[in-house]
Amino acid sequence: MVEFCPDCSNLLRRQFINGSRILVCRCGFQKDLSLNVEDIKKDARLKEEALDKNLIIVSQEDKISVNPQVKKYCPKCTSKEAEAWQEQTRSADEPSTSFFRCVECKHTWREY
């Protein structure tokens, strides 16, 4: 992965200094790459929680779709949650169409 200096935007180079891995820039900026085990576990747990809150997986006819959940009222059953996605249904110079599927009754509708 390539990273750039936040101060001068130059490419950061990887170096080993005193047994630790760091990224170094010509301007003097340094970024330590060594993470302790607790930081790695915490980061993984936060990513898992974010995925659990924002994504649902729906299996329909051997097709798996992963779409974010949004707060949207279903016009059929008045549920307050739906999964959402967008598709370009008209010409490229027009906005995409937003589709919603109710989490409860699976009713699907669109908004332009």
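Confirm whether residue 79 is small (Gly, Ala, Ser) and either more than 21 Å from residue 111 (Cα to Cα) or modelled with pLDDT of 85 or more (or both). Yes. Residues in the range 70-112 that are charged (D, E, K, R) and not in a loop (DSSP other than H, G, I, E, B): 71, 81, 83, 87, 101, 110, 111.
The values are calculated or read from the model by the stated rules, or taken from the named source; none is laboratory data. Every value quoted in this text rests on a predicted model; they were computed, and no experiment measured them.
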